[in-house]
Each structure stands twice: as structure tokens, then as C-alpha cells.
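> For reference, the structure I am asking about is given below.
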2 protein chains.
Amino acid sequence: MDLAYRFFGIEHRRILSYFRDLTSTKASKVINLETPPAQRTDEEESLDVWGFRDTHFDFSENGHVIIRGTRYELSGKELPRFLPWVREVLECDVNPRNVNPPRYPTSIPEPYIKREFLDALQKFLSPNQIDTNGEIRLRHGHGHTQEEMYSIKYTRLGRVPDLVVYPEGETQVTALVEAAKAHNVALIPYGGGTNVTDALRCNESEHRTILSVDMRRMNRILWVDRENMMACIESGAVGRHIMAELKKHGVTMGHEPDSVEFSTLGGWIATNASGMKKNRYGNIEDLVLDVSVVTAAGKLERTSASPRESVGLDLRRLMFGSEGTLGIITSAVVKVFPLPEVQEYGSVLFPTFDDGFKFMYDLAGEATPPASVRLVDNLQFQFGLALKPKSSGGLADLKSKVEKFFVTKIKGFDPYKMVACTLVFEGTRAEVEQQQRDLNRIAARHGGMKAGADNGRRGYQLTYSIAYIRDFLMSYFIIAESFETSVAWTNALALCDNVKRRLTEEYARRGLPGKPFVTARVTQIYRTGVCIYFYFGFYYKGLPNPQDVYLELENIARDEILKSGGSLSHHHGVGKLRRAYLPRIMSETALQWKRELKKSLDPMNTFGAGNQGLDG
Amino acid sequence: MDLAYRFFGIEHRRILSYFRDLTSTKASKVINLETPPAQRTDEEESLDVWGFRDTHFDFSENGHVIIRGTRYELSGKELPRFLPWVREVLECDVNPRNVNPPRYPTSIPEPYIKREFLDALQKFLSPNQIDTNGEIRLRHGHGHTQEEMYSIKYTRLGRVPDLVVYPEGETQVTALVEAAKAHNVALIPYGGGTNVTDALRCNESEHRTILSVDMRRMNRILWVDRENMMACIESGAVGRHIMAELKKHGVTMGHEPDSVEFSTLGGWIATNASGMKKNRYGNIEDLVLDVSVVTAAGKLERTSASPRESVGLDLRRLMFGSEGTLGIITSAVVKVFPLPEVQEYGSVLFPTFDDGFKFMYDLAGEATPPASVRLVDNLQFQFGLALKPKSSGGLADLKSKVEKFFVTKIKGFDPYKMVACTLVFEGTRAEVEQQQRDLNRIAARHGGMKAGADNGRRGYQLTYSIAYIRDFLMSYFIIAESFETSVAWTNALALCDNVKRRLTEEYARRGLPGKPFVTARVTQIYRTGVCIYFYFGFYYKGLPNPQDVYLELENIARDEILKSGGSLSHHHGVGKLRRAYLPRIMSETALQWKRELKKSLDPMNTFGAGNQGLDG
């Protein structure tokens, strides 16, 4: 029997278990994993910048940009084209000597904690679960918006949590909520701290003690059910650990946002997250079967997770996008999938963004797309080229030159119009081959030229290391951020053009330094539309408040996005950054419902993050 | 270009449109359809039984069961095996002379309407939009539970709507809500009236005027966007009309519940419905992009529908499963899909239910399943055979005998253990062929024998005509109903066994007549589990209150389902029928949240259907 299954080349690890169990009345064969992943010293995260402490951008001895450390594919390699390219695009004098030295940490507000409250906490938390350290408190008072990152280095955050705690189980979370209610304290749950909506930012007028509830120690995978393809995971579990642990059991949750190294399951639910491979696995709302939450009124939970059900008003749905305003998510039951038999990268070049876009449209409508498909515009394509390491010389150099010659001279691609599409295929061999056949056929229809797996893989790996660039450049007078939207197909191209045009015009009109960097990519496709992801950056030397200038321009871009038919956000969320736009997209009744709901479910505004204007 | 697209055999009607529009800044090419489908006289529905007036089961002159009318494949054909089979299975004397004549309508409560309220309505509704007719009011006060259907023929419904109105646009719906608030009237939205949860049943202690808001005239498809694959449809549009109208535009919504002939878009959302082809298109929560609702606080609406977004608390999600308790859904934006290139039926026989079940499990885990796949147990397989029309003699007769011989004697299938799996494939030719290859391979692994497209098609068509059987049999002392659940794979077989065993034991223990008919089928598969659909019926002659006996036994079955790990419902919902179980599946906090939410969003309980215990 076993041979017969392997003959078809399909993963059959489950078969052996179900023949025994599927007809029995025993509970499903569930693997209980209670041990949290070991905390490794080489996994320490920075407090003042994005990412792991072992990695940061720097200038090499030769004055080239380089990524310090050994963690990423790009680490340790000089990137000689990058600096010249930045100087050219931004028309500015970025160089190693032109430094804006960060003064991290700028002043950290003094904590405000009543003695009685601390006593109450100490009744059920051990000393190592309570943190008064200033830099730790500071870190828990911000995410990664440009304004927050600028604040902690050059200005100041006016209010941060007064205390940080690390609960280790649901009982403690319940006790925390009770104590917060008893002592009129505001609770803000903390996951990976990677939001880009000011979701963690504290209200400067918040007079109550603010307690940051850091969920990182509630990071266990409680059980994995390989037969029913579900797993129960605590909300503080971080993406990279979830992936690694589930992989040991031959499964994956399939959710890989760009922040997967640091963001948590609770954060994904609270922000209604989207992952790179949603084409294959779905977005967070498709992946989560059940959510347990500790609320101001007690625990929101269900007896068991169902494949799908109709049980009336489903309040668990409310947790998606709740951004910490309704309670503390403690665990969730999620779908899991077999690890794919095959994972392959790919890439395709297109003569223009329009061509690539039409390719994406046809792909979404006619075929099963790969797990991930992304299309960058020409500027971002150049950005990617600028981040290519020095060739090792010899054959590699020659290969690169030959490729370039072929693409531009033989195929006639214009280097200032061409774009790249990167792909990740996952599935059975048969599935992947069909996806590749369909994709290649559709790509050829639009003048696409296959550019190989290496370029695809590089493109995806780049995403993780690029995240470190913003903080580096900030010290050299460059401020930058990303923002995104979702939009119907027929509005998307115009939306991209409008945003680029508007930002460029407004930038010039204000007489700001050099030229802005504005670029877009299509990061997700649906039959009904796309997610468009923008990078926007500029040289800020000479501007007294660059973070305010940035915010003003970002708001102008958002205005243009909304006018062009785009949404407020595809996946980043609202937080405080975009709360002012809610009346533009929702009727007054909808807004009132939200306020009423918040008031009724959290009358004291115990969950006082204040996101989406839900201040209680 | 056009030839090239057809060469690949793919539907390309969209291509021509987007080359012009996709790069323009114009709004998407949207087809506006404002004319509602014409009301046809041959589409009249019965008031006292399920379905179209032109169709009902009957006894022929020969004493055989027959379906009157010409609407269905099975219509007009004698079904000679059916009566004998029923007599054998139920061990009862069902025959044309053994009648329990229905006394429909049993007493209809007098209406209670204040003059001022009627005056207020007449200000904005024309006379033909206001209905005081007794039988119409009665119809609007029930769905299709066995108890309701028994009541209107043999006992009585103690409370029904006092008045029925037919709004023709959102403005009128808003005015209705305002008038209801001003005059303290309870509103109950009405779609197809096909629910099976007592969702429309009125609270006998409701002292306020109850106004049934029948949405049937708000049935327009407002627009179809073929480029972005969306459509905007009014909530009163009925499934069969939605399908027919969208088909004219080459698209489908892909949602086909068994009630599709009569149920409405608003009803689907309000009950969190599931459709037969969810494998390909998704369930209602996957299909709906936006919902507009008139609430007690005004209109819940958004500026535009996004492919997917993260905009904080999403109150539209609350409408799924709201069962009329939070407002009146007026329209929704839904996904649409190209009509499939290929639609094929199929069927497979398995030696036992266990074999078929393991086949379903492997199918869900290893392959892309067909659009629909259902597995019936042996008893339901026999039920299907009993509903086969008399062969036309000659070759057809011989073919049938040969088939039977082959299956039982050659292949060794035991007629009292064998089961059937029916299939619907939809997609491109390539997709369908791959699905069929995979399915056949997996079926063979479990002893499956292909039984052809005809048997598959017959199985599906049977579903629509079987719906009429229950009301027919009720007049011959047989009471029957369906109920369903969702459950993880590893609990499913035991759940089926437990429910069958428990019902059979309880039935015998109570000394009830003959034997009960209890049968199960797997109607939906997920990687994480299945939907199990039960039929349960018995002979009730001699029982004074058969509907109460039925209810008691159904509750016992539900208890067994919950104990066996099943959910409260996969798709039928909660209504009033299962409200008592909510505390068993949700924490007290969850229940409290629901009550708080209802109170805050509808403080006067204007939407007074009272489902899920949300009485305000």
C-alpha cells in the first residue's frame, strides 16, 4: 500500500494514521507541543531600528553600502551601485560623511504607576515578568511608521507605556484585565511591534497608567492535528517560529507577511493581515478557524473549532482588524497545510508596466496563479538592480553583461521602461507545472521574457533585507516609508499614475530638496482587483521637521488614492495614522456602530490603544 | 488576436474590453441593469407547502407516487418503487387511503395595527405595496421547519405578522424603519421564507405590531462589472433569477444552495449560507465584498467595494448570520465568475460508507475537488433508487438490470452496504480533466466504481424535487426533516453512527410507530472536516402531537451531535430552533457580547425577529 502511494509521488504521511483512527471514536490524533521555542541569543532584536541586532546597513571601508552580519543572502556583500543610484534618483548628496547622527533614545517620559497597582500585579506575576526599563517601555510605545522612528532618534515620543509585562498564560492575562479594571489602567497588547499605523502609539493625553501587555512568552503551539489539518497556537507566537515549528510536523500555516520574522499571530488577526502566499493559502480571515480573547467582560471562546459554521452573530469576526481595542487575543485555531512537494521561484521581464499589468489581469482571470506573484515598476526594478552585489568577477560578471545585452539589445527592452515580475510556485509537481505552463503562455502574450528562478528568489529575499534600509538611510538625511491600497483592476493603473504625479507635483511645488522617490508594485492579485504597494522617500537635509512634511505628503497621496477608487488599506490597517479617513469611507451610521460597539464591549476603554478613533 | 485567444479555448470576452479601458482613467465598464425580472405567472409559489404551485407529489391513478407538473426532470413520471420502499423502511401502512387531511389554513390570528401607523405607511407606500390578506400574513410568519408546516395544517401558529409590505427601493426601506421606530413596531425582513430555523416565527408574547418587510420587489441586479468581476444586487433578488440574469452576461455568482429557486441574496447573508459548489466558488462569506444595510441608526454603507481590505472593525462582517436582528440588508456587492467552459456530472459507487468517506478525505487533502462532491449512505442510496421512475421498458429496462447485475454480482457490491458519490465538475477543460484524473485515481484506491454522468446528474436534480416530498408525506402520517452539522474528519464517522444509534434507540424506547428513517450524507468537504446532512422521519399515526415528538428527538440528535464534536450548524443557522444550545458552544462572555451588541445597535429591538435569543 505504502509503495503504491509513493508511486504517485504524493505526500502520504497522513494515510498511515487514519487507517487506524478514522473509524474509531477516539479523539483525533493530536500532537501536543507545549514547549515554547528556545530563546536564542542570536535572535535578539534591535530596540532602535528594524530587525535583528545582528544586521544593519552600513558603509564599507570602500564607501560602498553593505549589510553587516551574516543572516541574509545579501549580508556581507558590497553593493557598489546603490549609493550612486540613490544620489541620482533623489538628486542629493548622500554620502558617508553627510550624517544626521541619531540621538537615540531621545527623552523617555517618566512612568506613572500607582503603588497599589504594582502590588496587585506582583501578586500573580514574577519579577522577571515586569519591566520598568526605559528603553523597553519606549520600544513598546511605537511601531515602525517613519514618524515614530524619527521621533525616537531626533525628537521625542510624548507618551509611552508606564510599564511592560510578559504574561505566560491565559490565567495571567485574565488577571491582568481584572487588575486593569480595578485600578483604571489602560492595556495595550503588544505582539511584534511591527505595525505601520501608529497602532501602539500612546495618546499623550492618557492620564491613566498605560500597561503594555507583551505577549511574546505566550508563544506555544499548543497542538497540531495532522488529520484534521488544524493547529492551536498562542497569540504571541512569532511568524518565524510558527513556520519552523510547524515545519517539523510537515505542515505550514501558509501565512508569510513581509514582517513574518517578527510579527505575531495575535497581531495578524488584530490587523487583518495578508501574507505573501495568499493565492495558495488565503489571507488571515481564511486561515483562522477560531479565536480566544480575554475581554473586559470575560473570555470570548468557543467549545471547538469547526471547518465552517453558521451560528448566528459571530463575534470572533470582530477581532479581525480590532487592533487591540476590544480585548487581548490569547490563542487561535488555524488551518494548516501539508508542506508543498515543490517550491520554485521564477521571474519574468516585461517591456513596460502596462504590459506586466495586463499579464497580471489575465493571470488572475484565466489561470490558477502561483502562490505569489508581484510586479514592480521600472523604478523599483532599477532599485533592485542597484542592490545587486558586486559580481565576483570573471564568469559571473560576464554572465551578467551577457544577460543585460540580451535583454536590452536583442529583445529590445528599454531599461527605463522594463519591469520585472517575481513568482513563487508551491504545490504538487503537477500543480506547479500546470501553473507554470499557464503563466508562461499568458506572459508570452504580453511580451514577457522568462528571467529565471535566481532572479525570482533574489527578489523575494530582497524584501527582508530592504526592511533595514529605511532606518539606515534616515541617518543620512533620507526619509522613506511604504503605504498600500487595494483597488479594482480598471482603476489601478490610473491610481498609480495619479499618486506618482500628485506626489511629484506637490514635492516640487513645496520646493523640497532634490527629487522624490515614488514607486509602485502590484503585490497581490484577485479576480476583482489588486493590492498596490508604494515606496515614497526623499532627501530631507535642511528641513526642520521632515517627519511632518512626510506625513503631509503621505496624506496627500492617500487622498489621491481614495479619489482614484482605492481603499484605505489592503492590509496595514488604520491605527491612528488613518483614522481621520474613516468618515470618508464609511457612513456615519457605520462609524456610530463602531463607537457603540466599543462602548458596550469595553465600557471603561480598558483596551485603550485608541485605534480607529475608538477611544471609549 | 481574437483567434489566438480562442485557440487556447479560454473564454476571452473580457479581453476586447480591457484593451480600451484598462489604461484609461474612466470608471470601469459597468453594465447597469435596472429592470427587475418580469414576474411570470407560471412562477407562482405555494403558500401552504414548499415550492412552485405547479408541482406537488401525488398518487397516480395506479396508486403510485408521482410528481405533478412538468417543471422537473422527475415530473410526470410514476415512481412505482417509492411507496413500497417507504412502507418497508418505516414499517408502516402508508397508502393513498390512509390520509391525514390538512386543514390549511388553521386559524390565523387577527391583525393588530394602529391606525396612525397605517397612515404613516400610506404616506410613502402605494396600496399594492401593503398586504393585509390573512394567508399572506400567515406565510410571512413561518419558514419550513416541520413544526411550522405541521402548525399551519393541523394546529395553529399563535402569532403571525400583522401586516406585510413590499418596499421597492432603499428610500422606502429607510422610511419603514423610521416609521417603525416612531410607532414602536417590530420589523421582520422576509426573503424567500425558506429558512429551517424558525427564523420568521413570531414571538407569541410580542405585543407590538409586527410588520413583515418582504424584499421581493427589491430584486434588481443594479450593475455587473465584467472587468472587475463584481456585481451589485438588491437583497430581495431570488437565486434562480440571479443565476438567469447573470448568465445573460456570461457570469455566475457561483452560489447554489439547495433552496436556490426561492431563497434570496439577503437571506443568504443573514443566514451565513453555503452553496453546493462552494469548492469552486466559496461560501457566502467568500463571495460577498460589501453589504448595504438599513439599521435603526441609519444606513450602514461604504463608498466602494474593495477586492480585500483592512479597515479596522468591519461591521459588515456582523451581518453574516445576523438573521434579521440588526437591520434590513438592501443590497450587496458580490464576486462574479466567468461561466465555466465545461460542466460535467459524475458519480462513483463505493462498497461501503467507510470506503466512500476515506475517498472524500483523500480527495480533500490531495487534490482539487470538483465543484461539488456528495456522498450518501446506503439508506439514502436506496432512497434514490426508490425514486427512480418506471423504466420505459425494453432496452432501458434491460440496461438497468444489466447495470444492477454488474454492480452486485460482478463487482461484488453488497446492495445493503454500497453507497454513491455524486459529482459536479466545473471549470476549463484542462481543470476539469485534471480534477477527474485525480478523483478517479483516488476513488480507485478505495474500491470506487465509476457510475457515469447520468446518475450524477439525476442525484443533483433529485435534490430539488425531493424538497416537495416532506409536505406530501405529512398528509399521509409521515413527518420528516433535515438537520446538519460540520465536524472534523476524525469525528465524523463516529458522529454519524452515534446520531443514528441514539435516534433509533430513543425511538424504540418510546414505543413509537414502526421504525424511524435516519440517514446521513456528506455534502461538503474541507481540509479540516465535513458537513454532514441528516434526514430523519417517521410514521406518526396515533401520535397526538407528532411535531413535538419530532422536536424532542431532533434535540436529542443535536445533543448527540454536539457530544460527538459537531457544530451547531454548518449552514442552516440558529434562529429560534437552536437558540437554547448557544450557551453550550459559546462562553458566557460571548453571549453577553451578543446581547450588548444587539442592545447598542438596536436599542428598541426594532428588528424584532428575536433570533439567537436577541430579543433586545
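What follows draws every value from the coordinates through simple rules; no lab data is involved. These numbers were taken from a predicted model, which means no experiment stands behind them. Here the Cβ is made from the backbone with ideal geometry for all residues, glycine too, and neighbour counts use every protein chain on show.
> Could you pull the Cα extents of chain B along its three principal axes, largest to smallest, in whole Å?
73, 72, 51
> Pull up all non-local amide H partners of A:MET276: gap of 5 or more, or a different chain, and H-to-H distance under 5 Å with H placed in the peptide plane.
A:GLU256, A:ASP258
> Find which of A:THR197, B:GLY575, B:THR408 sits farthest along the positive direction of the dipole of the protein assembly as shown, computed with +1 on the beta-carbon of Lys and Arg, -1 on that of Asp and Glu, about the Cα centre.
Of the listed residues, the answer is B:THR408.
> Peptide A:320-327: average number of partner chain Cβ atoms within 10 Å per residue?
Counting other chains' Cβ atoms within 10 Å and averaging over A:320-327 gives 3.
> Quick check: convex hull over the Cα atoms of segment B:62-185, volume per residue in Å³, rounded to an integer?
Spread over its residues, the Cα hull of segment B:62-185 gives 169 Å³ apiece.
> In Å and whole numbers, how far do the C-alpha atoms of segment A:523-566 stretch along each principal axis, longest first?
Result, largest extent first: 46, 20, 10 Å.
> Net charge within 14 Å of B:GLY51 by Cβ-Cβ distance, Lys/Arg positive one each and Asp/Glu negative one each, not counting B:GLY51 itself?
Charge balance in the 14 Å sphere: -4.
> Segment A:449-491: D in µm²/s via Stokes-Einstein (Kirkwood Rh, Cα pairs, 37 °C, 0.692 mPa s)?
For these conditions, the coefficient is 247 µm²/s.
> How large is log10 of I(q)/I(0) for segment A:518-616 at q = 0.11, 0.12, 0.21 Å⁻¹ when the intensity is taken from the Debye formula with one equal scatterer per alpha-carbon?
Taking Cα atoms of segment A:518-616 as identical point scatterers yields -0.47, -0.55, -1.14.
> Using +1 on the beta carbon of Lys and Arg, -1 on that of Asp and Glu, and nothing else charged, what's the dipole of segment B:380-440 about the Cα centre, debye to 20?
The calculated dipole for segment B:380-440 is roughly 420 debye.
> Counting only other chains, and only Cβ atoms inside 10 Å, what mean value do you get across the residues of B:190-202?
Partner Cβ neighbours, averaged per residue: 0.
> What's the center-to-center distance, using Cα atoms, between segment A:152-229 and segment B:226-279 in Å?
Their Cα centres are 43 Å away from one another.
> Right, something else. What is the set of long-range amide H partners of A:MET218 at a cut-off below 5 Å, with H atoms built 1.01 Å from backbone N?
HN-HN under 5 Å from A:MET218: A:GLY236.
> Let me ask something else. Quantify how strongly other chains surround peptide B:600-609 by giving the mean number of their Cβ atoms within 10 Å of each of its Cβ atoms.
2
> Which value, in debye to the nearest 20, gives the size of the charge dipole of the protein assembly as shown about its Cα centre, when Lys and Arg are +1 and Asp and Glu are -1 at the Cβ?
With Lys and Arg at +1 and Asp and Glu at -1, about 1580 debye.
> Using alpha carbon coordinates only, what is the Rg to Rh ratio of segment A:63-134, with Rh defined as the Kirkwood radius?
1.30
> ³J(HN,Hα) across segment B:562-572 via Karplus (A = 6.51, B = -1.76, C = 1.60, θ = phi - 60°), whole Hz, x for Gly/Pro?
5, 5, 8, x, x, 7, 5, 5, 7, 8, 5
> Hey, got the dipole for chain B? About the Cα centre, +1 on K and R Cβ, -1 on D and E Cβ, debye to the nearest 20?
That gives chain B a dipole magnitude of about 900 debye.
> Same structure again: Give me P(r) over the protein assembly as shown, computed from all C-alpha to C-alpha distances, binned every 10 Å, as integer percentages.
2, 9, 17, 22, 21, 15, 9, 4, 2, 0, 0
> Could you give each residue of segment A:96-113 its phi-based ³J(HN,Hα) in whole Hz, using Karplus coefficients 6.51, -1.76, 1.60 with θ = phi - 60°, and x for Gly or Pro?
x, 8, 8, 10, 10, x, x, 10, 5, x, 6, 4, 9, x, 5, x, 10, 9
> Please report, for B:MET604, the nm distances (one decimal) from its label point, 7 Å out from Cα along the beta-carbon direction, to the equivalent points in the remaining copies, shortest first.
Spacings between copies for this position, smallest first, are 3.4 nm.
> Using 27 Å as the Cα-Cα cut-off, could you pick out the over-long pairs in A:LYS123/A:LYS181; A:LYS409/A:LYS450; A:LYS123/A:LYS248?
Listed pairs above 27 Å: A:LYS123/A:LYS248.
> Okay, next question. Please list the non-local residues whose amide H lies under 5 Å from the amide H of A:GLY321, H modeled 1.01 Å from N, same-chain partners needing a gap of 5 or more.
Amide H to amide H, under 5 Å and 5 or more residues apart or across chains, A:GLY321 pairs with A:ALA270, A:THR271, A:ASN272.
> Can you run the Rg to Rh ratio on segment B:504-549? Use alpha carbon positions and the Kirkwood inverse-distance Rh.
1.16
> For A:GLU43, place a label point 7 Å from Cα along the Cα-to-Cβ direction in every copy; what are the distances to the other copies, in nm, shortest first?
Result for A:GLU43, in nm, nearest copy first: 6.0.
> Right, something else. How long are the semi-axes of the equivalent ellipsoid of segment B:270-357, taking √(5λ) for every eigenvalue λ of the Cα gyration tensor, in whole Å from largest down?
Working from the Cα gyration tensor, I get semi-axes of 35, 17, 11 Å.
> Could you run the Karplus curve 6.51 cos²θ - 1.76 cosθ + 1.60 with θ = phi - 60° over segment B:288-296 and give me ³J(HN,Hα) per residue in whole Hz, x for Gly and Pro?
Once θ is set to phi - 60°, the couplings for segment B:288-296 become 9, 9, 7, 10, 9, 9, 9, 10, 5 Hz.
> On the principal axes of its Cα set, how long, how wide and how thick is segment B:337-460? Give whole Å, largest value first.
Computed over the Cα atoms, the extents are 41, 30, 22 Å.
> Here's a follow-up. What residue among A:PHE57, A:SER259, B:LEU385 has its Cα farthest toward the positive end of the dipole of the protein assembly as shown, where the charges are +1 on Lys, Arg and -1 on Asp, Glu, each on the Cβ?
Looking along the dipole axis, the top candidate is B:LEU385.
> Order of A:310-317, B:122-129 by packing, highest average Cβ count within 10 Å first?
By packing density, highest mean first, the sequence is A:310-317, B:122-129.
> Between copies, how close do the A:ARG509 label points come, placed 7 Å along Cα→Cβ, listed in nm from shortest?
Between copies, matching label points for A:ARG509 lie 7.9 nm apart.
> Please list log₁₀ I(q)/I(0) at q = 0.15, 0.22, 0.23 Å⁻¹ for segment B:260-312, using the Debye equation with identical point scatterers on the alpha-carbon positions.
Once normalised to I(0) and log-transformed, intensities are -0.54, -0.99, -1.04.
> Oh, and also: By counting other Cβ atoms within 10 Å of each Cβ, how are A:LEU473, B:LEU176 ranked from fewest to most?
So the ranking, lowest neighbour count to highest, is A:LEU473, B:LEU176.
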